[in-house]
Each structure stands twice: as structure tokens, then as C-alpha cells.
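Presented below is the structure to which this report refers.
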């Protein structure tokens, strides 16, 4: 029934729902945000680059430049599918996450065409210590960040599901990525996105206080992940929590804030 409503009305409804969700979080959301990135170094974070053991980042992919958490590829030469992830050292279950990011510069040589202005944050992710040396992506949910190409719509804050599935409106969704009802940002402007993650029950993606995507009941399953240990992928298992990780997928990106509130 809602599908026939005008776009403006739908946005107002989504904004009202987002406000209600925040209100329902109660006094917890009255607390201060806790920064996971301290603005000076990578204390509390652990890199995992494909082809290297956990904790090794020989290319200085992840570093702090002028107070910004920066992902760059100056020492790579050809990218060669050396996908990387910077894990926060502690897992989370019920929380709000706020990230402020911007794409900068040019894609690394040899990066895949789909990875131009493409990055994201993985959450409900497997323990980084359980990843295989040559594993490309952690088994997780991904809030995918995209940048525009200057002309075509390319919404950000989408969902991708390496080794996982979710439910939408009671239906199991097995496609790898689902686009959000979100804006396209074509330049190098800062973009702020929020996630409200309630364990296994519900996940909401928000931009400027408006819900752009909602899903529930994430489970382990499906493909789009390679090089993992079979024991790390028990298909059908409910995802109730896990680790947060920032991606390196061949296009430089910077993060100004990574904040969390426990719910």
C-alpha cells in the first residue's frame, strides 16, 4: 500500500520512523558517542590484508594522515586483489554506529572496475583471527559506500552480504547487494552515515536521520567470499553480533569519525 505514496511522503514517513527508533533506544542514546578512532593513531585496530597474516600491513594501507584515518595504495604497484580490512579489536551486538567518510584521489592500478569509489564498513563480521591468509572478505554484513561518477545515480549506504543472507519483509534475500533509497555523492565531499544494529532482530541504514534501508534476521550462508576456512562458515547460523571492519578495496578513502553507542 505504501508503494503508491509520493516520494516526499515516503521520505517523511521514513524520517518519522527513524526518529521513533532513536527515541525507543531510550536513555542509552542520550549518552555520548564513543570514538573508535582516536584521531591520532590506530590504537584498537587490527589490519588483515589478503595474502598476509593478521596484524601485517606491509604497504601501509591503513594509516593516519593529518588526523584522518586514511586508506591508500601508494606502495602497491598493481592492486592484484589484495583486499584489506581494518578490524576494531572488540565485537559488538546492539549499537548505533556513525561513520563520516569521503573518497579521494584515483583508484589503484589494477583495481577491479566495480571497485571505483567503492568501499564500506563490515559488521557482524567473523573474528579476524579466524580469517584465512588468502581470504578476500570476512563473512559479514557490509554497509557499502559508493561515490558517484559525475553523471549517473549511484546511491551509497547499500547492503552487501559476503557469506551471509538477510530477510526483508519476511523473505530470505540471497542476492549479494541491495541498493538503498539513498542519495548519490559525486565529489569528494564528506558523507555521514548511521547504522542502528539490534543483534539478530533488525538493522537500519540512515543518512541525515532518514532510513534508507532496513532488513532483519541475518544468517550465515551464500557465496561472494573466498579463501575462508569451512569451519568459519556454518551456513544457517544466526548472526547476532560480531566485529566492525573498514575496507580497502583499491580506491582511496578517508574517515574523519568512527563512533559507537551501545544500545
Next item on the list: Sort 160, 177 so that the residue with the fewest other Cβ atoms within 10 Å of its own Cβ comes first and the one with the most comes last.
Entry: 177, 160
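Could you work out how much longer the chain between residue 113 and residue 202 gets when fully extended? Use 0.36 nm per residue separation minus the Cα distance between them, nm to one decimal.
Values: separation 89, 0.36 × 89 = 32.04 nm, distance 3.20 nm.
Full extension of this stretch gives 28.8 nm more.
What is the stretch 2-262's relative contact order, in percent, from Cα pairs under 8 angstrom and six or more apart in sequence?
Numbers: 644 pairs, mean separation 75.0, N = 261.
Relative contact order of the stretch 2-262: 29 percent.
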Note to self: Run the paramagnetic zone check for residue 32: 7 angstrom along Cα to Cβ, then residues of the stretch 97-136 with backbone nitrogen under 20 Å.
What the structure shows: 97-100
Check: How far is helix 7-24 tilted off the main Cα axis of the chain, in degrees rounded to 10, range 0 to 90?
Finding: 80
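Quick check: residue separation of residue 66 and residue 100 times 0.36 nm, minus the Cα distance between them. What number comes out in nm?
Numbers: separation 34, 0.36 × 34 = 12.24 nm, distance 1.53 nm.
Roughly 10.7 nm would be gained on extension.
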Notebook entry, point to check: Using 7 Å Cα-to-Cβ label points, what is the residue 171/residue 149 separation (nm, one decimal)?
Noted result: 2.8
Margin query: Just to be sure I understand the model, the point goes 7 Å from the Cα along the line to the Cβ. What's the resulting residue 40 to residue 52 distance in nm?
Written below: 2.5
Margin query: Suppose only helical runs count, i.e. DSSP H with n ≥ 4. What mean residue ellipticity at 222 nm does that imply for the chain under -39500 (n - 2.57) per run, divided by all residues and rounded to the nearest 500 deg cm²/dmol?
Written below: -2500 deg cm²/dmol
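All of the numbers you see were taken from the coordinates with simple rules; none came from a lab. None of these values were measured; they are calculated from a predicted model. Please note: Cβ atoms are built from the backbone with ideal geometry, for glycine as well, and neighbour counts cover all protein chains shown.
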